[in-house]
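The values are calculated or read from the model by the stated rules, or taken from the named source; none is laboratory data. Worth saying up front: this structure is predicted, and the values here are computed from it rather than measured. With ideal geometry, Cβ positions are generated from the backbone for all residues, glycine too; neighbour counts draw on all protein chains shown. Quick note on the areas: whole protein, heavy atoms, side chains included, nothing else; ligands and nucleic acids left out. Shrake-Rupley method; radii C 1.70, N 1.55, O 1.52, S 1.80 Å.
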Amino acid sequence: MVTDESTFTGEGMFNSYNFHVLLEENPHATRTSAVQERFLVNVWADIVRDHLVGPYLLPERLTGANYLTFLQQALPQLLDDTHVSAPMRSSMWFQHDGGSAHYSIDVRLHLNATFGQQWIGRGVPVLWPARSPDHHCLDYFLWGYVKSLVYETSVNSAEDLVSRIAAAAGEVRDMPGIFAIVRSSMCLHHCPGT
């Protein structure tokens, strides 16, 4: 079980170094880089074997208290909704990075009670390695792919952004065997000895 959060904004992904306009007429092309109303959405997701759990909207400012509420109340329901079986749950490891909300003492106590020694983070028996890059399916595949779908056209509102995120997640769910393909590709490029 690899979990991660990502932030989606109304302005979308934009890299000015890769933005070029080649026109025969009107060389004064413009692109809106700031909008009047700024908005963002924090989204949590999880991959358990071949199941995409979420996306789930988190508060704009993630704290230990509201992350704990998510873990206690929303996560069990999300796992139920995704049909993650009891045997699968008992054998899975919970992994999140060392974000400050993840490190609160209440969160760590809850994870100890829920997952025992089967979780990876900061300040626990199985440590998240210092300066470790995020090499997992969410960062390697999911967030980039979902954002490419969400930002195909300009986003008009926070509600529009949320509905696009849900639609993109649905598209990912409908891709047969996608998580096996992504895991295989990651291992091919990142596993020792390959």
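Per-residue answers, yes or no, for (1) of a type outside the set (S, T, N, Q); (2) modelled with pLDDT of 90 or more; (3) under 20 Å from residue 143 (Cβ atoms):
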position	(1), (2), (3)
14	yes, no, yes
24	yes, no, no
77	no, yes, no
82	no, no, yes
91	no, no, no
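Answer with yes or no whether residue 163 is of a type in the set (Ser, Thr, Tyr), farther than 15 Å from residue 94 by Cα, modelled with pLDDT of 80 or more and surrounded by fewer than 16 Cβ atoms within 10 Å (Cβ to Cβ). The answer is yes for residue 163. Among residues of the range 170-185 that are of a type in the set (Gly, Ala, Ser), those with a beta-carbon under 9 Å from a residue that is open to solvent by less than 80 Å² (accessible area, probe 1.4 Å) at least six positions away or on a different chain give the pairs 185/141.
Would you pick out the residues in the range 48-67 that are in contact with a Phe, Trp or Tyr (Cβ under 6 Å, 6 or more places away or on another chain) and either within 28 Å of residue 177 (Cβ to Cβ) or among the acidic types (Asp, Glu) (or both)?
The initial filter retains those residues of the range 48-67 that are in contact with a Phe, Trp or Tyr (Cβ under 6 Å, 6 or more places away or on another chain), namely 50, 54, 56, 58.
Scanning the range 48-67 gives 50, 54, 56.
Of the listed requirements (1) charged (D, E, K, R); (2) part of a helix (DSSP H, G or I); (3) under 16 Å from the mean Cα position of the chain (by Cα), residue 89 misses just one: (3). Pairs meeting the criteria (first residue in the range 60-77 and more than 17 Å from residue 6 (Cβ to Cβ), second residue assigned to a loop (DSSP other than H, G, I, E, B), beta carbons under 9 Å, at least 6 apart or on different chains) are 63/104; 64/104; 65/104; 68/104.
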